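A short worksheet on the structure shown next.
The values are calculated or read from the model by the stated rules, or taken from the named source; none is laboratory data. In this text, all values refer to a predicted model and were calculated from it rather than measured experimentally. Cβ placement follows ideal geometry from the backbone for every residue including glycine, while neighbour counts extend to all protein chains displayed.
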Amino acid sequence: MAENVSSSVLFHFTTSLARLKSILQDGFFPHYCPEYTLDSVDREAASQGRPPMRAAPIVCFCDLPLSLIRRHLIEYGPYGIGLDKKWGVKNGVAPVIYTHAKAKTRLSILHLTDRAAEGNDRTAANDAEILAAYTKPFAGPAWRKGRVKRRVRFYEEREWRYVPIIPGIGPLFFYREDYQNKAKVNKIHKQFREQNSLQVPQRDIQYLILPFTEDERETVELHDYLRKLYGREDAIKVTTAVMTVDRIKKDV
């Protein structure tokens, strides 16, 4: 039997149990994420160790089978949630468009973006920005934890993402001076939390992933939280989805 390279589950990883609990209670909401494009300005910024020129509000997921998530656990955090892919499709989560410097898709997006910027059609401009926000280099530098990671093969992440559409918010992207303004970013993040969150129904949770610890304190804490959040009977159903990183490494 051929090994699957995609999954029926969309995974999201984070860095703490507190963040995982927040997702369970309040859902996902977009955060501004700086990303390098194929633009020459970004190539120069990356070569000089400077952050990308712009950021888009996104929530990221990966479409990988459980056996291939180990790298994500290291890169993005050992706490994870896996949700039925049908949940993602229902909520408008979609795979990104991977491109490269010579790709025709890149030229088409550039042409659409340029024409929209030159005209007065805000709807066309918004559509072009949404398309650009769902586009990502096949490979290249990444801005991670305040520094440049020089060579990342993004294509191997099989990323799906959610980008909000908010009428009247103006340009979707924040440029460097804006996304580095914490007060401005916190204000719009609050708006995203209130108006554009993706709720997480108990029935769509397929996996909850925790790092392995000898005392199992966090596992017990999560089980207690699930009972508080869902009630005893539904919490028992979700508890069967809990597994540790150690178990993943041994079993898959």
Checklist entry - From the list K190, K136, K149, K182, which residue is among the basic types (K, R), closer than 22 Å to C62 by Cα and over 17 Å from the mean Cα position of the chain (by Cα)? => result K149
Checklist entry - Just to be sure, is P141 touching a helix residue (DSSP H, G or I) at 6+ places or on another chain (Cβ under 6 Å) and more than 25 Å from L20 (Cβ to Cβ)? => result yes
Checklist entry - Among (1) of a type in the set (S, T, Y); (2) touching a helix residue (DSSP H, G or I) at 6+ places or on another chain (Cβ under 6 Å); (3) more than 16 Å from F173 (Cβ to Cβ), which single condition is S108 missing? => result (2)
Item to check | Filter result for R161 (within 17 Å of the chain's Cα centre (by Cα) and within 22 Å of H31 (Cα to Cα)) | outcome: yes
Checklist entry - What strands (runs of 3 or more DSSP E) completely inside segment 1-72 contain at least 3 residues that are under 20 Å from V242 (Cβ atoms)? => result 9-14
Item to check | Positions within segment 110-154 being in contact with a His (Cβ under 9 Å, 6 or more places away or on another chain) and free of Cβ contacts under 8 Å to residues at least 40 places away in the same chain, in sequence order | outcome: A139
Item to check | Single match in I188, I169 (criterion: modelled with pLDDT under 95, surrounded by 17 or more Cβ atoms within 10 Å (Cβ to Cβ) and over 25 Å from K86 (Cβ atoms)) | outcome: I188
Checklist entry - polar (S, T, N, Q), farther than 30 Å from I205 by Cβ and in contact (Cβ under 8 Å) with a residue 60 or more places away in the chain: does that describe T99? => result yes
Item to check | Residue among V96, V41, V89 that alone is among the β-branched types (V, I, T), surrounded by fewer than 16 Cβ atoms within 10 Å (Cβ to Cβ) and farther than 30 Å from T239 by Cβ | outcome: V41
Checklist entry - Is at least one residue of segment 128-145 aromatic (F, W, Y), in contact with a Lys or Arg (Cβ under 9 Å, 6 or more places away or on another chain) and under 17 Å from R43 (Cβ atoms)? => result yes
Checklist entry - touching a Ser or Thr at 6+ places or on another chain (Cβ under 9 Å) and not hydrophobic (A, V, I, L, M, F, W, C) - does that describe any residue in segment 46-56? => result yes
Checklist entry - Do you know which residues across segment 20-41 are farther than 20 Å from A94 by Cβ and either of a type in the set (K, R) or in contact (Cβ under 8 Å) with a residue 12 or more places away in the chain (or both)? => result L20, K21, L24, Q25, D26, P34, Y36, L38, D39, V41
